[in-house]
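Take a look at the following structure, please.
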Amino acid sequence: MAPNLHHLELFYHVARNGGITAASRSMPYGIQQPAISGQITLLESDLGVRLFQRRPFKLTPAGRELYDFLAPFFGALPDVAANIAGKASRRLRLAAPATIIRRHLPEVLSAVRKARPDLELSLVDTDQRAAFDLLEREEVDLAICELESRPPAGIRTEILISMPLVLLLPDSYQVARSGMHGMAVDLPLIRPPADSVLCRLFSKALAKARLDWPARIEVNSLELVHAYVAQGFGTGLSVKAPGIEAPKGTRAWQIPDCPELAIAAAWRGKLTPLAELVLAGLRKVAKKG
């Protein structure tokens with residue numbers, strides 16, 4: 001059976017400091033002299049050898065051999081820990097939808113980089129479900145995502161902004177009293193994929209209106225929705241959000257009785273200082289919106 005690692009660490013400090021009393025004064029964490037002595041005795045019992053002479057202190061040949069083996073590892077630990085902590089303090093791992101990464105994060109991250117010029121950044125394009133998975137696996141420090149459902153236990157969230165859903169209509173189109181019912185007859189629908197949060201929220205509004213309005217064109221981004229609306233292919237499902245404007249020749253019509261799209265920050269455990277800076281920046285951007 002391998003010896004107890006904690007016992008080996010205690011022996012290293014005893015041998016390095018020249019005795020149990022001296023080791024108890026210089027240990028990097030609090031432990032009393034009798035506890036050190038008792039655990040060293042257990043280590044000697046496990047190994048079946050005497051490791052040092054108590055008074056005056058002197059390593060036995062077996063103790064010298066063990067110390068020479070342990071010293072490179074335990075002696076290097078403080079520097080390794082400092083190196084790891086230094087890398088962690090400048091590294092930031094973020095998950096967010098592509099639109100947020102492209103439109104809103106550059107402004108926030110530029111401010112963070114001014115405070116930390118040595119910033120090391122990792123950005124992942126993802127949705128809510130994948131963002132929560134990444135947080136649970138501790139593969140990202142902070143996620144920005146649509147918040148449609150309750151997060152798993154242990155993940156904290158903070159809603160940054162809540163945005164109404166809109167339909168992009170030609171400027172010349174006159175909305176009748178029948179609202180979306182008339183549009184469904186007159187205009188082809190252009191929208192993101194059916195499994196997107198935006199479409200699921202829109203489906204709730206359609207259900208309230210008792211309206212079936214299938215998509216004529218399905219695209220994988222809001223940018224493409226806007227592009228096809230601008231080319232006159234129909235009306236597009238979008239959202240009233242900071243930095244997102246209706247294409248030229250169109251106007252945004254807010255969808256009645258439709259849940260809003262909530263964008264939230266999500267994290268697990270204690271935020272790193274860099275993640276705190278990013279979250280503070282996102283709060284400012286959301287307030288400006």
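What tally of residues in segment 229-249 results from selecting those that are on the phi > 0 side of the Ramachandran plot and either at pLDDT below 90 or surrounded by fewer than 17 Cβ atoms within 10 Å (Cβ to Cβ) (or both)?
Total satisfying the criteria: 3.
Which pairs do you get when a residue that is closer than 17 Å to Glu120 by Cα and assigned by TED's automatic domain parsing to the domain that holds Ser110, found in segment 268-289, comes within reach of a residue that is aromatic (Phe, Trp, Tyr) and surrounded by 18 or more Cβ atoms within 10 Å (Cβ to Cβ), reach meaning Cβ atoms under 7 angstrom, with the pair 6+ apart or on two chains?
Correct list of pairs: Ala275/Trp267.
What's the number of the only condition in (1) at pLDDT below 85; (2) under 17 Å from Phe73 (Cα atoms); (3) assigned to a helix (DSSP H, G or I) that Ala2 fails to meet?
The one condition Ala2 does not meet is (3).
Contact list please: Cβ distance under 8 Å, first residue in segment 210-223 and under 14 Å from Leu198 (Cβ atoms), second residue among the charged types (D, E, K, R) and surrounded by 16 or more Cβ atoms within 10 Å (Cβ to Cβ), pairs at least six apart or on different chains.
If the second residue must be among the charged types (D, E, K, R) and surrounded by 16 or more Cβ atoms within 10 Å (Cβ to Cβ), the pairs left are Ala215/Arg191; Glu218/Arg191; Val219/Arg191.
Which number in (1) within 18 Å of the chain's Cα centre (by Cα); (2) at pLDDT 85 or above; (3) closer than 30 Å to Gly249 by Cβ marks the one condition that Leu167 misses?
Status for Leu167: all satisfied but (1).
Sticking with this one: Just one of Ile190, Ile217 is β-branched (Val, Ile, Thr), outside the structural domain of Ala143 (by TED's automatic domain parsing), farther than 25 Å from His104 by Cα and outside any loop (DSSP other than H, G, I, E, B); which is it? Even if it seems obvious, please write down each step before you answer.
Values: Ile190 fails: farther than 25 Å from His104 by Cα.
Step by step, each of Ile190, Ile217 is checked, and only Ile217 is β-branched (Val, Ile, Thr), outside the structural domain of Ala143 (by TED's automatic domain parsing), farther than 25 Å from His104 by Cα and outside any loop (DSSP other than H, G, I, E, B).
Out of Val185, Val140, I need the residue that is over 20 Å from Pro256 (Cα atoms) and either out of contact with any strand residue (DSSP E or B) (no Cβ under 7 Å at 6 or more places or on another chain) or not assigned by TED's automatic domain parsing to the domain that holds Ala230 (or both). Which one?
The unique qualifying residue is Val140.
List the residue pairs whose Cβ atoms are under 8 Å apart, where the first residue sits in segment 186-198 and is exposed (fewer than 15 other Cβ atoms within 10 Å of the Cβ), the second is part of a strand (DSSP E or B), and the two are 6 or more positions apart or on different chains.
So the pair list comes out as Pro193/Glu218; Ala194/Ala215; Ala194/Glu218.
The values are calculated or read from the model by the stated rules, or taken from the named source; none is laboratory data. Owing to the predicted nature of the structure, the values given are computational and were not obtained by experimental measurement. FYI the Cβ positions are ideal-geometry reconstructions off the backbone, even for glycines, and counts take in every protein chain you see.
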